[in-house]
1. Being modelled with pLDDT under 95, of a type in the set (Ser, Thr, Tyr), open to solvent by less than 50 Å² (accessible area, probe 1.4 Å) and more than 17 Å from the chain's Cα centre (by Cα) narrows it down to one of Ser8, Ser81, so name that one.
2. Starting from residues that are aliphatic (A, V, I, L, M) and surrounded by 21 or more Cβ atoms within 10 Å (Cβ to Cβ), keep the ones in region 125-153 and report whichever is farthest from Leu212 (Cα to Cα).
3. Report whether or not Val48 is of a type in the set (A, V, I, L, M, F, W, C), part of a loop (DSSP other than H, G, I, E, B), open to solvent by less than 90 Å² (accessible area, probe 1.4 Å) and under 29 Å from Val209 (Cβ atoms).
4. Is region 207-227 home to any residue that is open to solvent by 20 Å² or more (accessible area, probe 1.4 Å), farther than 23 Å from Pro103 by Cβ, touching a strand residue (DSSP E or B) at 6+ places or on another chain (Cβ under 9 Å) and modelled with pLDDT of 95 or more?
5. Can you tell me how many residues within region 174-198 are outside any helix (DSSP H, G or I), open to solvent by less than 50 Å² (accessible area, probe 1.4 Å) and either touching a strand residue (DSSP E or B) at 6+ places or on another chain (Cβ under 8 Å) or basic (Lys, Arg) (or both)?
6. Residue pairs, Cβ under 9 Å, 6 or more apart or interchain, first in region 54-76 and in contact (Cβ under 8 Å) with a residue 40 or more places away in the chain, second surrounded by 14 or more Cβ atoms within 10 Å (Cβ to Cβ) and part of a strand (DSSP E or B). List them.
7. Buried (at least 16 other Cβ atoms within 10 Å of the Cβ), small (Gly, Ala, Ser) and touching a Leu at 6+ places or on another chain (Cβ under 8 Å) - does that describe any residue in region 21-40?
8. I need a count of the residues in region 11-20 that are open to solvent by 30 Å² or more (accessible area, probe 1.4 Å) and either part of a strand (DSSP E or B) or among the small types (Gly, Ala, Ser) (or both).
Amino acid sequence: MGQAWTCSGLRWSADGPELVWNGGRRTALTWGKRVAFGVAEGGVRTCVGARGHACPLRAVVPGRSTGARCEECARLDRAHSVAADTIADDPRPYRVYLAWFGPGLAKVGITAVERGTARLLEQGAVCFSWLGSGPLMAARRTEELLRAALRVPDRIPYAEKRAARFALPGTEGERAAELAELHARAVALGGWPESLTREPFRPVDHVRVFGLGAEGAAVVGEVVELVPAGVVSGELVAAAGPDLHLATERGVVVLDTRLMTGWGLVPVGGDGGGSEGRVEVPVRALRVAGGGARQEGLF
């Protein structure tokens with residue numbers, strides 16, 4: 001079926017989303033672009049390693065894992081991670097942010113100033129606002145202040161973020177309303193670190209950046225896992241966080257690109273299965289906010 005490539009994930013920049021491949025190759029993604037690939041026949045999914053180093057065991061990992069790491073590599077990867085709170089001496093300035101993913105679903109987090117908005121795009125934040133900036137530990141203390149005083153979480157399961165994406169208010173003002181209230185409550189708290197500079201409420205909406213809109217009603221399912229000899233093909237109509245929304249003959253299907261890592265992926269012939277694309281891997285009904293599903297059964 002051709003040379004196999006290994007995907008290292010979806011990355012966001014000011015220019016939009018792109019797939020990154022081992023070896024440095026990048027594939028820019030634009031609306032209307034055909035995304036088509038197959039999984040090498042007879043292949044297995046292997047651990048992607050940790051912090052730029054290959055897994056010494058080349059351990060086989062489950063197809064449904066979004067981390068694609070064995071237990072040891074996962075431990076090593078988090079042993080030097082700002083997100084896991086294992087670094088205290090990073091000299092870079094950090095920003096504290098409030099991110100909103102849908103009704104009743106907001107979180108607090110931190111990101112290095114030099115990364116700009118990439119962290120928010122990678123998380124699939126529908127709307128966000130900066131809260132303050134300063135040294136890492138000051139940002140950490142502010143994050144903890146909001147968790148303790150306002151009960152704002154610093155982590156939200158990604159499945160909940162995805163489900164909320166399909167129940168969004170229609171205007172930017174409505175989408176920013178909860179965030180505005182939360183920001184006001186946060187800046188009114190006492191106990192902020194003196195070294196953290198507070199920032200005014202300036203909401204940034206990502207609905208247009210993600211390409212979300214009328215296509216949401218057509219989303220019928222989400223890929224569960226890739227499998228050997230499986231095929232995924234469709235026209236890109238939206239992307240948010242690690243997800244690609246692909247138009248196929250059955251409707252729009254969501255592909256979490258984290259499921260692509262660790263597999264040997266190959267080109268598929270022609271356009272990958274007809275003008276409307278096809279998905280020949282396990283797919284389940286889309287989960288939407290409120291616990292329901294967009295359709296019954298699997299296909």
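The values are calculated or read from the model by the stated rules, or taken from the named source; none is laboratory data. Since the structure is predicted, the reported quantities are computational estimates derived from the model, not experimental observations. So basically every Cβ, Gly included, is an ideal-geometry build from the backbone, and we count neighbours across all protein chains shown. The protein model used for the area step is the full one, side chains on, heavy atoms only, and it has no ligands, DNA or RNA in it. Shrake-Rupley method; radii C 1.70, N 1.55, O 1.52, S 1.80 Å.
1. Only one candidate passes the filter, namely Ser81.
2. In this case the residue turns out to be Ala138.
3. Answer is yes for this residue.
4. yes
5. 3
6. Val61/Thr46; Thr66/Asp256; Ala68/Thr46
7. Checked region 21-40: at least one residue is buried (at least 16 other Cβ atoms within 10 Å of the Cβ), small (Gly, Ala, Ser) and touching a Leu at 6+ places or on another chain (Cβ under 8 Å).
8. The qualifying residues number 4.
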